[in-house]
Amino acid sequence: MDKLIITGGSQLSGELRISGAKNAALPVLAATLLSEEPVSIGNIPHLHDITTTMQLLGQMGIRLTIDEKMNIEVDSSSITKYEAPYDLVKTMRASILVLGPLLARFGEAHVSFPGGCAIGTRPVDIHIDSLIKMGADIRVEAGYIHAKASRLKGCKLVLDKVTVTGTENLLMAAVLAEGVTIIENAAKEPEVSDLALFLNAMGAKISGIDTDILTIEGVLKLDAKNIHYNIIPDRIEAGTYLVAAAITKGRVLLKDVRPDLLDAVIDKLREAGADISTGDDWIELNMHGKKPKAVNVRTAPYPAFPTDMQAQFTAMNSVAEGVGIITETVFENRFMHVQEMQRMGADIQLESNTAICKGINQLTGAPVMATDLRASASLVLAGLVAKGETLVDRIYHIDRGYDHIEEKLSQLGASIRRISG
Ligand code: UD1
């Protein structure tokens, strides 16, 4: 298993290009299942979860070709299997995203219950109950969801909770349903909007994009020709590198990024003392050599502060000036990084869904274990400012979601290397 070794102490400085968003690329790739025509997707990030999705689609009989610039051409005209097997799904929860499109286009889907990051129970009841409301016949047996429907029927769905992949699955199911589907309390995350725009480019009729009420007028098929769609930039990758610069009192210029999707994160970084300027597709952060101030953060669905940035801010608070309180409201078990940071000397107290972080002068390098994707990133950030060497184990989590992290951090002057075995 690969590990990362980081020697702390370098003040990061430089420029970086941000990759396409993992959480947009995954639903967009799943949505290609709906298209009668070949489609081409650009700005795909180089990530393990993308490889898993390509394997998942490939084993259904879909033809995928990828060029050196990470453009993927997908031809879903001939599908031989309507199944997402456990072996693939267990490593990536987003595999559940094939359920809606398979059922909508082929009337049948067999999808293993998802795995992915261990950050809470993460049920899929809203996906299943809503598809049943749309007329699907769903049976759960031996760890699989077996779904059938001759043609799904549009209806009004009021989601109990804001769910990102839930909204995406239902959007994909509704585009080919008979009649109109209205999804209320829909997730407004930019990745949901990116999927909706892609579906519309393929011929779907979705309105209310960027709001929490999505209206989908069902069509018989999606057969738009010559579609090329570029995935939006990854706001979480961008946010992580902004924190990397902030925590090291450094400076970074991010390119190919969408600052408008990062308002909550940028506000908190400014509160922490960062000098930030933005343009249409760039963000520059400069700490002018100053230590960040601790900030209070409360995670919630978009446009509030993203849960996927919580661990990185916990790392920043652990070496910041003062005390910062982090409240996690989206997932109930998302503080696994805290225990590892405590092993590096961090003064963090956990009280149910709250982490009280008292900034200390310096963390101490230690062997630590990555437990989920964003937690892993936060341990790398902690390693950047720790005294001595930090060894981050189980970094397959990082490879699921960060495109060439050690190369990008090295480019900014970090001392970080990967070792195999
Ligand atoms: C997605 C993102 C993940 C991010 C999360 C919240 C992808 C591939 N992953 O995950 O990076 O952290 O959104 O922004 O896009 N819930 C239910 N029942 C359901 C579905 C969800 O109770 O059927 C609950 C979950 O347990 C959680 C909350 O709803 O407490 C939000 O989860 P959800 O938005 O569904 O997260 P994911 O889509 O899995």
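Computed values, structure above
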read-out: Set T51, T80: member being among the hydroxyl-bearing types (S, T, Y), within 16 Å of the ligand (Cβ to nearest atom) and open to solvent by 60 Å² or more (accessible area, probe 1.4 Å); value: T51
read-out: Pair list, Cβ < 6 Å and 6+ apart or interchain, from region 122-133 residues that are more than 6 Å from the ligand (Cβ to nearest atom) to residues that are open to solvent by less than 80 Å² (accessible area, probe 1.4 Å) and not in a helix (DSSP H, G or I); value: I128/I138; S130/L157; I132/I138; K133/C155
read-out: Selection from region 153-171 of residues that are among the hydrophobic types (A, V, I, L, M, F, W, C) and over 19 Å from P123 (Cα atoms); value: C155
read-out: Wholly enclosed helices (runs of 4 or more DSSP H) of region 316-421 bearing at least 2 residues out of contact with any Lys or Arg (no Cβ under 8 Å at 6 or more places or on another chain), open to solvent by less than 10 Å² (accessible area, probe 1.4 Å) and within 16 Å of the ligand (Cβ to nearest atom); value: 373-385
read-out: Scan of region 176-193 for residues that are within 16 Å of the ligand (Cβ to nearest atom) and part of a loop (DSSP other than H, G, I, E, B), ordered by number; value: N185, A186, A187, K188, E189
read-out: Only one of A238, A196, A264 that is hydrophobic (A, V, I, L, M, F, W, C) and either within 20 Å of V385 (Cα to Cα) or part of a loop (DSSP other than H, G, I, E, B) (or both); value: A238
read-out: Residues of region 176-189 that turn out to be surrounded by fewer than 22 Cβ atoms within 10 Å (Cβ to Cβ) and within 17 Å of P301 (Cα to Cα), as a count; value: 3
read-out: Tabulated pairs, region 150-175, first open to solvent by 60 Å² or more (accessible area, probe 1.4 Å) and more than 13 Å from the ligand (Cβ to nearest atom), second polar (S, T, N, Q) and not in a helix (DSSP H, G or I), C-beta under 7 angstrom, 6+ apart or interchain; value: V158/N185
read-out: Residue in region 193-213 that is open to solvent by 30 Å² or more (accessible area, probe 1.4 Å), touching a residue at least 60 places away in the same chain (Cβ under 8 Å) and more than 23 Å from I132 (Cα to Cα) present; value: no
read-out: Flag for I132 being hydrophobic (A, V, I, L, M, F, W, C), farther than 20 Å from T215 by Cβ, surrounded by fewer than 20 Cβ atoms within 10 Å (Cβ to Cβ) and at pLDDT 95 or above; value: yes
read-out: Filter pass, G273 being open to solvent by less than 10 Å² (accessible area, probe 1.4 Å) and not aliphatic (A, V, I, L, M); value: no
read-out: Region 241-254: number of residues that are open to solvent by less than 20 Å² (accessible area, probe 1.4 Å) and not in a loop (DSSP other than H, G, I, E, B); value: 9
read-out: From L195, L261, L220, residue being hydrophobic (A, V, I, L, M, F, W, C), under 16 Å from the mean Cα position of the chain (by Cα) and farther than 30 Å from K290 by Cβ; value: L195
read-out: Enumeration of residues in region 298-315 that are among the small types (G, A, S) and surrounded by 24 or more Cβ atoms within 10 Å (Cβ to Cβ); value: A311, A315
read-out: Residue among R139, R63 that alone is exposed (fewer than 14 other Cβ atoms within 10 Å of the Cβ) and in contact (Cβ under 8 Å) with a residue 12 or more places away in the chain; value: R63
read-out: Residue match in region 83-104 (condition: more than 15 Å from the ligand (Cβ to nearest atom), in contact with a His (Cβ under 9 Å, 6 or more places away or on another chain) and closer than 30 Å to L384 by Cα); value: no
read-out: Residue check for A25: more than 11 Å from D75 (Cα to Cα), in contact with a strand residue (DSSP E or B) (Cβ under 9 Å, 6 or more places away or on another chain), part of a helix (DSSP H, G or I) and within 11 Å of the ligand (Cβ to nearest atom); value: yes
read-out: Residues of region 285-314 satisfying the condition of being among the basic types (K, R) and either within 16 Å of the ligand (Cβ to nearest atom) or closer than 21 Å to L254 by Cα (or both); value: K290, K291, R298
read-out: Odd one out for V39, checked against (1) open to solvent by 20 Å² or more (accessible area, probe 1.4 Å); (2) over 26 Å from N286 (Cα atoms); value: (1)
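The values are calculated or read from the model by the stated rules, or taken from the named source; none is laboratory data. Just so we're clear, the structure is a prediction, and the values are computed from it rather than from any experiment. Cβ atoms come from the backbone with ideal geometry, glycine included; neighbour counts cover every protein chain shown. We work out accessible area using only protein heavy atoms, side chains counted, and drop any ligands, DNA or RNA first. Shrake-Rupley method; radii C 1.70, N 1.55, O 1.52, S 1.80 Å.
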